[in-house]
Amino acid sequence: MKALTRLAPLAVLVAAPAVAEAPSPQQIRTFLAEYGTCIAKREPELAHRAVLGEASFHYDSPEGKRLRQRECMDAALLRNSSDGFTGRLRMRLDDDTYRGVIAEALIAKGGVALDPARLPAIAALDYNEPRPLRTTDRDGKPIPEDRLERQRAAIARRTEAIALGRLGECTVRTAPVPARTVLATQIDTPAELQALNALGQTLGQCIKAGETVSLDRISVRGALATAYYRLSQAKPSGAIQ
């Protein structure tokens with residue numbers, strides 16, 4: 001049985017002092033759109049590599065620091081314990097969410113247009129599979145249950161992210177023009193909702209039997225943007241330019 005849509009959180013909110021407040025969906029989307037535009041402008045090559053999965057968003061990496069640079073993140077709004085932002089809103093967003101808005105900004109900035117005639121010759125995109133569950137450490141000792149749970153949670157998040165990525169790819173391959181129409185609409189507008197609704201049947205057809213995918217406007221739009229950009233950059237052989 002397929003499960004198409006159930007409203008998912010737009011961001012992962014973490015415990016915060018009373019001075020911090022939960023962001024509204026509109027605040028999150030505005031923040032993300034401005035972030036994506038900023039990174040695409042300031043770091044075009046790195047932005048390109050990030051969308052293709054060739055650059056790390058990890059805070060400790062040089063690339064991650066550039067992708068999470070303060071100049072592109074409104075510190076007045078964002079509060080994130082991982083990098084010390086101390087704004088009035090507190091939220092933590094996953095890498096695929098950042099990747100989606102960067103992809104959309106690159107598409108808009110470069111006027112990217114995917115030729116539907118090329119799609120059949122482009123091989124299926126690759127996705128980073130989650131690491132298998134490790135039950136013993138390097139010394140062969142059993143890993144405590146709390147650490148196993150963290151591993152399981154990470155595997156579940158990555159598995160759902162892959163499902164969403166493949167959903168975006170399938171949708172773009174099946175309906176490239178309607179998918180591009182979604183990306184041409186302004187966020188939080190009736191036009192956006194109408195364009196997304198027009199893709200409803202395609203989205204449903206692209207979800208595999210037995211698979212459950214949590215969808216909201218950010219996740220769907222991000223998945224479409226990432227797939228659209230990656231496919232536009234792929235050679236007919238399937239190799240990335």
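The values are calculated or read from the model by the stated rules, or taken from the named source; none is laboratory data. The shown structure was predicted, so the numbers you read here are calculated from the model rather than taken from an experiment. Don't worry about glycine lacking a Cβ; one is built from the backbone with ideal geometry, like all the others, and counts go over all protein chains shown.
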Residue in the range 156-180 that is modelled with the highest pLDDT, counting only those that are touching a Pro at 6+ places or on another chain (Cβ under 9 Å) and surrounded by fewer than 17 Cβ atoms within 10 Å (Cβ to Cβ): Val177
Residue selected from the range 110-122 under the condition in contact (Cβ under 8 Å) with a residue 60 or more places away in the chain and under 26 Å from Ala40 (Cβ atoms), by the criterion surrounded by the most Cβ atoms within 10 Å (Cβ to Cβ): Leu114
Number of the condition not met by Pro142 [criteria: (1) in contact with a Ser or Thr (Cβ under 8 Å, 6 or more places away or on another chain); (2) surrounded by 14 or more Cβ atoms within 10 Å (Cβ to Cβ)]: (2)
Out of Ile207, Ile162, sole residue that is touching a Phe, Trp or Tyr at 6+ places or on another chain (Cβ under 8 Å) and farther than 16 Å from Glu104 by Cα: Ile162
Residue in the range 208-220 that is modelled with the lowest pLDDT, counting only those that are within 11 Å of Leu167 (Cα to Cα) and buried (at least 21 other Cβ atoms within 10 Å of the Cβ): Val213
Helices (runs of 4 or more DSSP H) contained in the range 18-109 and holding at least 3 residues buried (at least 19 other Cβ atoms within 10 Å of the Cβ) and either at negative phi or modelled with pLDDT under 90 (or both): 25-42, 44-51
When residues of the range 142-167 are limited to those that are assigned to a helix (DSSP H, G or I) and over 30 Å from Thr202 (Cα atoms), the one farthest from the chain's Cα centre (by Cα): Glu145
Residue in the range 181-201 that is outside any helix (DSSP H, G or I), of a type in the set (Ser, Thr, Tyr) and closer than 23 Å to Thr30 by Cα present: yes
